[in-house]
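> Pasting in a structure now, in structure tokens, and then I'll have a few things to ask.
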Amino acid sequence: MNYEGQICRSPMERSSFMLPTAVGCSYNRCRFCTLFKHLKYRELPMTQIESELCRVKDLGGNPKTIFLGDGNAFGQGTDRLLRIIDRIHFYFPACTSINMDATITNIRQKSDSELHDLCISGVRHLYLGIESGLDDVLSFMEKDHSLDEALAQIDRLHNAGLIYDAHIMTGIAGKGRGKENALALAAFFNRTHPSRIINFSLFLHERAPLYQNIQDRSFTPADELENLKEERALLEQLDCGPVSYDGFHDFVEYRVRGTLPKDREKMLSGLDHAIDEAEKDFHETGKPIFAFVK
């Protein structure tokens, strides 16, 4: 596969065939993100996409699930997406699920009939970067939506038969606001019923625009202990199941996975242990752990 940039997709798509359809992200303004800042967004020629489909077919491939790259593939025009999907079904008749990242604006820009047509053609899971449950945080991070806008577009997505999965980031609200953000996110998800929630937890490199906000003190990051406590508060309050959950923490060797509500107690118990270990480390060193690097 010829791929330009850094591959990033949900862990739920780790066994899917990733088909590049664009380079970069057409939005590319989120303050915490560095994945696509060095890339100029462009859509790949259909000839290149079809060549990749031919290559995989010639190797004997006939995947059931395909993930369209890159940053927000759903932002491409509906006619173009339908042409790509037609070629997918031509080469891979076993394919039953075509998934991709999307934004709230991507959904808003498509009519109800377009959303329906994409569902009928085989589009299933759309991964939405919800990130936070607080409107002021969404605005500060330059996300492309408010919570009310997200509610409206997710309703349209569901009405069309598409499946909504959510990306979030514990720590994104900053120091001292973890529990507030957790409760707001839980309320949002209890209304919108995602199929999957993926928590990447906030991790910052000095190249991220948000890192400059740390430098000028307009943003104070939460430490990883607060992030773990935020995650625990979220899992305790979620009542939108069944929902798959997968949570990462870059600087703490802990990952929580499971299905709510079935695995809630096991997941909370694991988090309690991780919180105890993080508190022990803090008391021994006197130094909080922050998920950012220079």
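> For the pair residue 257/residue 55, report the inter-label distance in nm, with labels modelled 7 Å from Cα in the Cβ direction.
2.8 nm
> How much mean residue ellipticity at 222 nm does the chain get from its helices, if each DSSP H run of length 4 or more adds -39500 (n - 2.57) and you divide by all residues, to the nearest 500 deg cm²/dmol?
Numbers: 10 runs with 119 residues, N = 294.
My calculation for the chain gives -12500 deg cm²/dmol from helical runs alone.
> Moving on to the next point. Considering the Cα trace of the range 170-294, what is its radius of gyration and what is Dmax, both in angstroms?
Values for the range 170-294 (Cα only, Rg and Dmax): 14.7, 44 Å.
> For the Cα atoms of the chain, what angle does the longest principal axis make with the long axis of helix 264-285, in degrees from 0 to 90, nearest 10?
Helix 264-285 sits roughly 50 degrees off the main axis of the chain.
> Which value, in Å², gives the accessible area per residue of the chain when a 1.4 Å probe is used on the protein heavy atoms? Don't jump to the answer; show the numbers that get you there.
Working: 13480 Å² over 294 residues.
Per residue, the chain has an accessible area of 46 Å².
> Kindly express, to the nearest 10 degrees and within the range 0 to 90, the angle between helix 178-192's C-alpha long axis and the longest C-alpha principal axis of the chain.
30 degrees
> Right, next: Defining a contact as two alpha carbons under 8 Å apart and six or more residues distant in sequence, what relative contact order in percent does the range 243-294 show? Please report the intermediate quantities before stating the final value.
Values: 36 pairs, mean separation 15.1, N = 52.
Normalised by residue count, the contact order of the range 243-294 is 29 percent.
> Ordering 179, 229 by accessible area with a probe of 1.4 Å, largest first, what comes out?
Working: 179 140, 229 95 Å².
Most to least solvent-accessible, the answer reads 179, 229.
> Please work through the chain and write down the cysteines that have no neighbouring cysteine Cβ at a distance under 4.7 Å.
8, 25, 54, 95, 119, 240 - these cysteines have no disulfide-compatible partner (Cβ-Cβ under 4.7 Å) in the chain.
> Now for a separate question. In the full protein assembly as shown, how much of residue 41 is accessible to a 1.4 Å probe, in Å² to the nearest 10?
Roughly 70 Å² of residue 41 is accessible to a 1.4 Å probe.
> Arrange the peptides 119-129, 10-20 so that the one whose residues have, on average, the most other Cβ atoms within 10 Å appears first. Working shown, then result.
Details: 119-129: 20.6, 10-20: 17.0.
Peptide ranking by packing, descending: 119-129, 10-20.
> Relative to the longest principal Cα axis of the chain, at what angle does helix 46-58 sit, 0 to 90 degrees, rounded to 10?
90 degrees
> OK, next. Which FRET efficiency value, to the nearest 0.05, is calculated for residue 276 and residue 239 with the Förster distance at 22 angstrom and r the Cβ-Cβ distance? The partial results should precede the final answer.
On the way: r = 26 Å, r/R0 = 1.18.
E between residue 276 and residue 239, to the nearest 0.05, is 0.25.
> While we're here: Enter the mean projected area of the convex hull around the alpha-carbon atoms of the range 1-140, in nm², rounded to one decimal. Please report the intermediate quantities before stating the final value.
Numbers: hull surface 34.6 nm².
Across all orientations, the range 1-140 yields a mean hull projection of 8.7 nm².
> Follow-up. Subtract the Cα-Cα distance of residue 268 and residue 89 from 0.36 nm times their separation in residues, and report this length gain in nm to one decimal.
The span from residue 268 to residue 89 would gain 60.2 nm if fully extended.
> If r is the Cβ-Cβ distance from residue 146 to residue 207 and R0 is 25 Å, what FRET efficiency results, to the nearest 0.05?
Working: r = 27 Å, r/R0 = 1.09.
Efficiency, from the Cβ-Cβ distance: 0.35.
> With log10 I(q)/I(0) by the Debye sum over Cα atoms at q = 0.09, 0.13 Å⁻¹ defined as stated, name the option among (1) -0.65, -0.92; (2) -0.45, -0.93; (3) -0.39, -0.85 computed from the structure displayed.
Correct label, based on the coordinates given: (2).
> Sticking with this one: Pulled fully out, how much extra length does the chain show between residue 155 and residue 113, if you take 0.36 nm times their separation in residues and subtract their Cα-Cα distance? Don't skip to the answer; put the middle values down first.
Details: separation 42, 0.36 × 42 = 15.12 nm, distance 1.42 nm.
That pair, residue 155 and residue 113, stretches by 13.7 nm at full extension.
The values are calculated or read from the model by the stated rules, or taken from the named source; none is laboratory data. Predicted model, so just to flag it, every value in this text is computed and none were measured. Glycine gets a Cβ as well: all are built from the backbone with ideal geometry, and neighbour counts include every protein chain shown. The protein model used for the area step is the full one, side chains on, heavy atoms only, and it has no ligands, DNA or RNA in it. Shrake-Rupley method; radii C 1.70, N 1.55, O 1.52, S 1.80 Å.
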